[in-house]
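*Asks:* Structure in structure tokens, see below.
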Amino acid sequence: MHETFYDVMRRQGITRRSFLKYCSLAAAALGLGPSFVPKIAHAMETKPRIPVLWLHGLECTCCSESFLRSAHPLAKDVILSMISLDYDDTIMAAAGHQAEAIIEETIEKYDGNYILAVEGNAPLNEDGMYCIIGGKPFVEQLRHAASHAKAIVSWGSCASWGCVQAARPNPTRATPTHMVPGIADKPIIKVPGCPPISEVMTAVITYMLTFEKMPELDRQGRPKMFYSQRIHDKCYRRPHFDAGQFVESFDDEGARKGYCLYKVGCKGPTTYNACSTVRWNGGLSFPIQAGHPCIGCSEDGFWDKGSFYERQTNVKGFGIEASADRIGATSAAIVGGAAAVHAAASVVKHMTSKGNQE
Amino acid sequence: MVQSNQRHSEEAVYIYEAPLRIWHWINALAIVVLCVTGYFMGEPLPSVSGEAYDYYIMGYIRWMHFVAGYVVIVGFLFRIYWAFMGNRHAMQIFLIPVWKGWWWKELFHELLWYAMIAKEPKKYAGHNPLAVLTMHLAFVWVLIFLIFTGLALYGEGTGMGTWQYDYFSDWIIPLFGQSQDLHTWHRIGMWVMICFVITHMYVAVREDIMSRQSIISSIVSGWRMYKDSRPMDGHE
């Protein structure tokens, strides 16, 4: 049996007296009567911490790096007290065969009860040979671990959408978790971003732990509490957008005054994330606050949407790349030109037929 | 060919009823507003300096876009209603009689007329088959596309829990991939509509001059007038 919350609290030097006080406080905070205090204490004494397997596929570890910087709650509290992070090759002490053995052990011991956290994705080309973990293709490890998991968390844009390694032409056929063929039918929570905001990551874990259920997801599988609004909706530069005050180039007066970055390609209006509310590095700042347009890193296929510095993104097809306006204006010019030519021909025809009549 | 000096024995036909004419012109005006404001939402006007609270340029442009959008939506719903309640021509642009042989024959004839091969077009009370086809594909369906994608984009602003989001954004955004692609497609839709408007206006002028019936004055007065008194040889 895994350690319970109570065990962990005791181990960290919290007395039983303090523990019971905490349970009373928790009951009061949740609006529950005194009779719930022993129930909460009982749950804390008996409920094991959730075992988590954190697998790494094709990725850059920016999700882990972000996670470790969480301030509310501190990453150490999440890893050491809230969850039982059984496997995460980046931060675990064990290595090699020892480390890999833990995966099997966890799968056997907590079959159907652990959470599988996936960072990065699986390349499918060449039978998955582009990403080998412990001598086997990552995709096999992923399928195996997924089939015994309770739920899957897709960390970051790689696991959620594919991200840079899945950008055109996607030579390794990197495939996001939910689209891997043969993946077990388990609930998948997408936490996109490159990387996701650290507090968003820890909050998703905390939520599942506290309420023992998945957070409410939108149709695309993202937790509504962090991905239901666009950067644009809560952007502190929004008044400049509404006023019509834009940065025209990065060295102009508007840039110094902190005007809206819409014209230099900000994807805030099309990006669902919590950057403009939660911000980064403990609420210190976020890209737009630092004067750079949002690149839309938490959106599906953001690498394939043309320049980061243009508002309109390119449409591919017909062997060319062009923005909607270029395609549209060209079409309108062709239609207009055709009409003019046709009109001229019609005039000639009209004249000649009139001439014939007379 | 055209014996314009003969006395007209054919009577004018009342073809566009008043509600339909009002819809046509309100809709046309709203589409112009939508295209202009929509263009500047994607490619905003030059930046202004000063305090943000002194201006609301982008805000007003977007506001006009949304108002005109609702005008088009309400108008289009009315237009569908009118297709059933109006005269028999009111249904024309919604329902193409592709199962009728004469329709294909007359479409072909109209194409020949536009290719300057046929000597003269047929005489119609309503729309000719080529007009019906163009309006059905490049107007009705493009407008439906723009209304749906437009409401989905609008829902992004009104947010989850609003009908715009729940009935449109919620499924249309994933359908197009993400919000950015939806924006791009909505804009391409605008350009298709602009192409339709160019064609529509050119053809209306051309038909008014060269066909056997009145076009432009009809959408103002409702009456279709004829230039010759030979019998109507086109269906509809």
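*Asks:* Per residue of chain A, what 222 nm ellipticity follows from adding -39500 (n - 2.57) for every DSSP H run with n ≥ 4, rounded to the nearest 500?
*Replies:* Values: 14 runs with 139 residues, N = 358.
Using -39500 (n - 2.57) per qualifying helix, the result is -11500 deg cm²/dmol.
*Asks:* How well do other chains shield peptide B:189-198, expressed as the mean number of their Cβ atoms within 10 Å of each residue Cβ?
*Replies:* Partner Cβ neighbours, averaged per residue: 5.
*Asks:* Here's a follow-up. Taking the Cα centre of the protein assembly as shown as origin and charging only Cβ (+1 Lys, Arg; -1 Asp, Glu), how large is the dipole, in debye to the nearest 20?
*Replies:* In total the dipole reaches around 1140 debye.
*Asks:* List the residues, sorted by chain then number, that are 5 or more residues from A:I50 or on another chain and whose placed amide H is less than 5 Å from its amide H.
*Replies:* Excluding prolines and chain starts, which carry no amide H, the hits are A:S84.
*Asks:* Where in the stretch B:109-149 are there trypsin sites (Lys or Arg not before Pro) that are in a DSSP coil and have at most 10 other Cβ atoms within 10 angstrom of their Cβ?
*Replies:* Values: sites: B:K119, B:K122, B:K123; in loops: B:K119, B:K122, B:K123.
Sparse-neighbourhood loop trypsin sites (Lys or Arg not before Pro): B:K119.
*Asks:* Among B:V203, A:G31, B:A138, which residue has its Cα positioned farthest towards the positive end of the charge dipole of the protein assembly as shown, with +1 placed on the Cβ of Lys and Arg, -1 on the Cβ of Asp and Glu, and the dipole taken about the Cα centre?
*Replies:* The residue sitting farthest along the positive end of the dipole is B:V203.
*Asks:* Using a Cα-Cα cut-off of under 18 Å, which lysines could be cross-linked to A:K109, ignoring same-chain neighbours fewer than 8 residues away?
*Replies:* A:K47, A:K150
*Asks:* Ok, one more. Using a 10 angstrom cutoff on alpha carbons, build the Gaussian network for chain A and name the most mobile of A:D251, A:D77, A:D304.
*Replies:* Its mean-square fluctuation being the largest, the pick is A:D251.
*Asks:* Let me ask something additional. Per 5 Å bin, what percent of the C-alpha pairs of the stretch A:5-227 does each bin hold, from zero upward?
*Replies:* 1, 7, 14, 18, 19, 16, 11, 7, 4, 3, 1, 0, 0
*Asks:* What is the antiparallel percent of DSSP beta bridges lying wholly in the protein assembly as shown, to the nearest 5?
*Replies:* 45 percent
*Asks:* Right, here's the next one. Report, in debye and to the nearest 20, how large the dipole of chain B comes out about its Cα centre when Lys and Arg carry +1 and Asp and Glu carry -1 on their Cβ.
*Replies:* Value, rounded to 20: 920 debye.
*Asks:* Can you tell me, using C-alpha contacts under 8 Å and at least 6 residues apart, the relative contact order of chain A as a whole percent?
*Replies:* Values: 592 pairs, mean separation 45.0, N = 358.
Dividing the mean separation by the residue count of chain A yields 13 percent.
*Asks:* Return the value, in Å² to the nearest 100, of accessible area buried between chains A and B (probe 1.4 Å, both sides summed).
*Replies:* Buried surface at the A/B interface: approximately 4100 Å².
*Asks:* If packing is taken as the average count of other Cβ atoms within 10 Å, what order do A:342-349, A:225-232 fall into, highest mean first?
*Replies:* On the way: A:342-349: 13.5, A:225-232: 21.4.
The packing order, highest mean first, is A:225-232, A:342-349.
*Asks:* Per DSSP H run of n ≥ 4, the term is -39500 (n - 2.57); total these for chain B, divide by its residue number, and report the mean residue ellipticity at 222 nm rounded to 500 deg cm²/dmol.
*Replies:* -19500 deg cm²/dmol
*Asks:* For the stretch A:5-227, give the magnitude of the charge dipole about the Cα centre (Cβ charges: +1 Lys/Arg, -1 Asp/Glu; no others), in debye to the nearest 20.
*Replies:* Values: 22 positive and 22 negative charges, 189 e Å.
Computed charge dipole of the stretch A:5-227: roughly 900 debye.
The values are calculated or read from the model by the stated rules, or taken from the named source; none is laboratory data. Just so it is clear, the model here is predicted, and its values are computed rather than measured. Cβ sites come from the backbone with ideal geometry, for glycine too, and all protein chains shown count toward neighbours. Remember, those area values only see protein heavy atoms, side chains included, never the ligands or the DNA or RNA. Shrake-Rupley method; radii C 1.70, N 1.55, O 1.52, S 1.80 Å.
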